[in-house]
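Read through the structure below, which is laid out as structure tokens, and then see the notes.
The values are calculated or read from the model by the stated rules, or taken from the named source; none is laboratory data. Source: prediction; values computed, not measured. Every residue, glycine as well, gets a Cβ built from its backbone with ideal geometry; the counts of neighbours run over all protein chains shown.
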């Protein structure tokens with residue numbers, strides 16, 4: 001897992017201003033251990049620790065079943081929301097909408113509109129979510145300044161049961177069909193497995209690491225990187241096990257303004 005020292009440089013000054021953005025541009029992904037993620041996304045230490053974080057993490061206990069699993073699995077719970085992050089403005093929640101992926105990007109569950117339970121108002125208002133949205137935006141804005149982003153928020157709980165594998169990515173190694181992705185671990189309980197695999201276009205082999213501690217995160221350039229996660233199983237078969245993650249996907253909603261400088265990290 002590639003560890004970075006967090007920087008306090010302001011966003012919007014190009015990749016060199018943020019080491020995370022520079023690493024993302026160079027390698028296609030950057031993994032942030034929890035201490036580095038907190039330092040980057042919550043310098044004040046009030047949003048991603050203490051009561052604010054605990055309340056946000058507790059919202060994963062209220063997710064609802066994913067009823068669109070083509071493999072018949074009952075192991076995935078989730079909620080979904082969409083936001084607009086326009087330049088210089090606070091995140092704006094958009095009317096509830098379906099989640100859609102092509103079968104090219106999701107051969108298991110793609111090709112249909114999937115309506116998931118909406119993210120609750122309490123989770124939406126969380127300082128923790130605000131810190132993660134703004135922190136991810138700062139990194140991605142350094143690569144595409146002036147972008148009007150469409151962000152989809154996915155809360156996932158993958159359950160581990162005796163006799164049924166919990167599959168974080170049942171579609172296998174995949175791309176999400178967006179521009180950038182941030183995956184943040186919210187918690188793990190009584191599970192083994194859940195190893196993240198990374199395959200980069202033009203490079204042989206795979207790299208792997210495990211998100212183990214709350215706030216361990218990985219940021220991906222979806223144009224260049226394929227990713228997947230191995231199944232999870234309960235350590236103690238008599239106790240419930242689960243893996244909770246937050247996934248934020250960033251897609252270009254409108255092109256950057258004509259005067260915005262910066263290099264795109266992948267094909268249009």
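The table below gives the values:
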{"item": "Members of the stretch 48-68 that are in a loop (DSSP other than H, G, I, E, B) and touching a strand residue (DSSP E or B) at 6+ places or on another chain (Cβ under 8 Å)", "result": "63, 66, 68"}
{"item": "In the stretch 118-145, residue farthest from the chain's Cα centre (by Cα) [restricted to those that are crowded, with 18+ Cβ neighbours inside 10 Å and part of a loop (DSSP other than H, G, I, E, B)]", "result": "145"}
{"item": "Only one of 161, 157, 114 that is touching a helix residue (DSSP H, G or I) at 6+ places or on another chain (Cβ under 6 Å) and more than 26 Å from residue 201 (Cβ to Cβ)", "result": "157"}
{"item": "Residue 82 being touching a helix residue (DSSP H, G or I) at 6+ places or on another chain (Cβ under 6 Å), at pLDDT 65 or above and not in a loop (DSSP other than H, G, I, E, B)", "result": "no"}
{"item": "Selection status of residue 42, surrounded by 17 or more Cβ atoms within 10 Å (Cβ to Cβ), within 30 Å of residue 207 (Cβ to Cβ), modelled with pLDDT under 95 and within 20 Å of the chain's Cα centre (by Cα)", "result": "no"}
